[in-house]
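Have a look at the structure below, then the notes.
The values are calculated or read from the model by the stated rules, or taken from the named source; none is laboratory data. Only a predicted model underlies this, so the values are computations on that prediction, with no experimental measurement involved. Neighbour counts run over all protein chains shown; Cβ positions are idealised from the backbone, glycine included.
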Amino acid sequence: MDAVTDSKAALGEKARNFVSNTRKMLIDGKWVSSVSGKTFSTIDPATGSVITDVCEGDKEDIGLAVMAARRAFEDGPWVKMIPSHRERLLHRLADLIEENAEELAELEALDNGKNKAIAQAVDIGIAIETFRYMAGWPSKITGDVLPLSVPIAPDQDFFGYTLREPVGVIGQIIPWNFPLLMCAWKLAPALACGNTIVLKPAEETPLTALRLGELICEAGFPDGVVNIVPGYGHTAGAALTAHPEVDKIAFTGSTEVGKIIAREAADSMKKVSMELGGKSPAIIMPDADLEIAIPGAASAIMFNQGQVCCAGSRLYVPDNLYDAFLEGMTENISSLSIGSGLNPENMVNPLVSEIQLERVMNYIDIGRQEGASVVTGGKRRGDTGYFVEPTILAETSQDMKVVQEEIFGPVVCVQRYSDVSEIVKLANDTIYGLGASLWTRDVGNIVKIVPKIKAGTVWVNCHNILDVAMPFGGFKQSGYGRELGKEVLELYTQTKSVCIMA
Ligand code: ADP
């Protein structure tokens, strides 16, 4: 691994300029400092050094942002804007993201640590697709005409119909694993439905959200429609959740914080949607094609250093394939080059923060103590930056903490099974239900097993494939509500029934 001392040297001019100033927050169409004057530093995970400082939002800043969003929702150009104009703005924003894709990918790689080329193809690429797909909706969101039969006035003429209206001011709280993509998943549908927004990016990775804010202004969205307030969860995030003028909270993050937010939001009966943690199984069937399944299962866990809510972190392998599978997977992941994400050759990049590094190393220790065997990896790499070797914990069992709890790192738990009839029970034996993958050549397995898996997404012979047309969300404690696809319109509209007596 090459030790990197100055990541900024690898940046293009635009990204370098962006991180050469303290970054402000976007409230009511203006870039402002925090009311308290406080800032916080955002850290480069490849070196542990400060990238730049960012204005730190707290309760007062959230209050200003929420009131700006409220004004923009009640009055002004956004309310009067015809749907096709809203569509044009969303398309214009998608175009601007595309024009600035390289800079955004560099900022993402610098702030989160991830591979720059992958950031450009996946994070930025899907963000663009998300804005384009959602741009199609404003002119197509419709209510229904309802055939009424009012028994107490059978001779009277009535006309009944529904309107699909925006929910109002939306508070959006997002995590650090896909910072720009999470902005897109949250903002694009909320805007398509006509809401206004206060978005709080994760404190670990505020940069691309703030750069996106500049592009939102450049695209021509009216002031106050999108407000972006960086800050910490227990201050800015909590203030957003508690604010009485926020109509809905859309959250992506840990199940632990999701529960806190759901409780807090209940006080003011805010609508809430939750995309939370996971411990997704990858199920290898005895007939699986190993040429596909081995690299597939490896990337199911190693993509984004395992910092993916639907990562394939529990791997179930049948007796007949177990040895070959472990050998192939070990070879696959131990050959990946480890280093800074700003060098696109490096496929294993740092974890996002020191806290995350400690958390993952702690889980690896717990796995060892619980009796798992470390087949490969298991160590921190280097002493600067937050690198962890891709790790396989084998001979794990259902009752182990490492099998039940979300590690959110490049650590897979491999479990051997002998009885195919037990596999669904093993896969579902978790509090989570976000994703699952099934690796098989037998269509009969697919037809029989898919309906029994308790997860919001089931992949067959692939894993982690996300498409804007496909609804995404969780069963069980992985959350509620579905983002993306047509179903996301349910999260950002509410129905009004209208009854006219003639
Ligand atoms: P992760 O485990 O991925 O770090 P978290 O659930 O801790 O995820 O954080 C996801 C987002 O939730 C971040 O933007 C964070 O600031 C925010 N957050 C954390 N705690 C709270 C809280 N008590 N109220 C509101 N937001 C919070």
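Contact annotation: residue pairs with Cβ atoms under 6 Å, 6 or more positions apart or on different chains, pairing a residue in region 134-155 that is more than 28 Å from R88 (Cβ to Cβ) with a partner that is of a type in the set (A, V, I, L, M, F, W, C), are L148/F158; V150/F158. Residues of region 140-162 that are in contact with a Ser or Thr (Cβ under 6 Å, 6 or more places away or on another chain) and outside any strand (DSSP E or B): G143, D144. Regarding D383, is this residue in a loop (DSSP other than H, G, I, E, B) and acidic (D, E)? Answer is yes for this residue. Filtering region 1-28 to residues that are crowded, with 18+ Cβ neighbours inside 10 Å and either within 26 Å of the chain's Cα centre (by Cα) or under 30 Å from E74 (Cβ atoms) (or both) leaves S7, L11, A15, F18, V19, R23, K24, M25, L26, I27.
Every residue, every condition in (1) farther than 22 Å from T391 by Cβ; (2) among the β-branched types (V, I, T); (3) not assigned by TED's automatic domain parsing to the domain that holds G237, yes or no:
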{"residue": "A266", "(1), (2), (3)": "yes, no, no"}
{"residue": "M302", "(1), (2), (3)": "no, no, yes"}
{"residue": "V317", "(1), (2), (3)": "no, yes, yes"}
{"residue": "N332", "(1), (2), (3)": "no, no, yes"}
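Taken over region 191-204, residues that are more than 20 Å from E108 (Cα to Cα) and part of a strand (DSSP E or B) amount to 3. When the residues of region 163-178 are filtered to those that are in a strand (DSSP E or B) and over 15 Å from the mean Cα position of the chain (by Cα), the one that is nearest to the ligand (Cβ to nearest atom) is G171. Every test in (1) in contact with a strand residue (DSSP E or B) (Cβ under 6 Å, 6 or more places away or on another chain); (2) farther than 26 Å from R211 by Cβ; (3) of a type in the set (V, I, T) is passed by V66 save one, and that test is (2). Screening region 188-204 for residues that are in contact with a strand residue (DSSP E or B) (Cβ under 7 Å, 6 or more places away or on another chain) and small (G, A, S) and picking the one that is farthest from the ligand (Cβ to nearest atom) gives G194.
Checked against the criteria, D111 counts as touching a strand residue (DSSP E or B) at 6+ places or on another chain (Cβ under 9 Å), in the same structural domain as P206 (by TED's automatic domain parsing) and within 16 Å of L212 (Cα to Cα). Checked against the criterion of being in contact (Cβ under 8 Å) with a residue 24 or more places away in the chain, among the polar types (S, T, N, Q) and surrounded by fewer than 24 Cβ atoms within 10 Å (Cβ to Cβ), region 203-223 contains not a single residue that satisfies it. Taking the criterion of being more than 13 Å from S280 (Cα to Cα), crowded, with 23+ Cβ neighbours inside 10 Å and under 27 Å from the mean Cα position of the chain (by Cα), the residues of region 305-338 that qualify are Q305, M329, I333. Pairing residues of region 169-193 that are under 15 Å from L240 (Cα atoms) with residues that are away from the ligand (no atom under 14 Å from the Cβ) and of a type in the set (S, T, N, Q), at Cβ distances under 7 Å and at least 6 apart in sequence or on separate chains, gives V169/T196; I170/N195.
Scanning region 262-285 for residues that are surrounded by 24 or more Cβ atoms within 10 Å (Cβ to Cβ) and among the β-branched types (V, I, T), we see that the one that is farthest from M182 (Cα to Cα) is I284.
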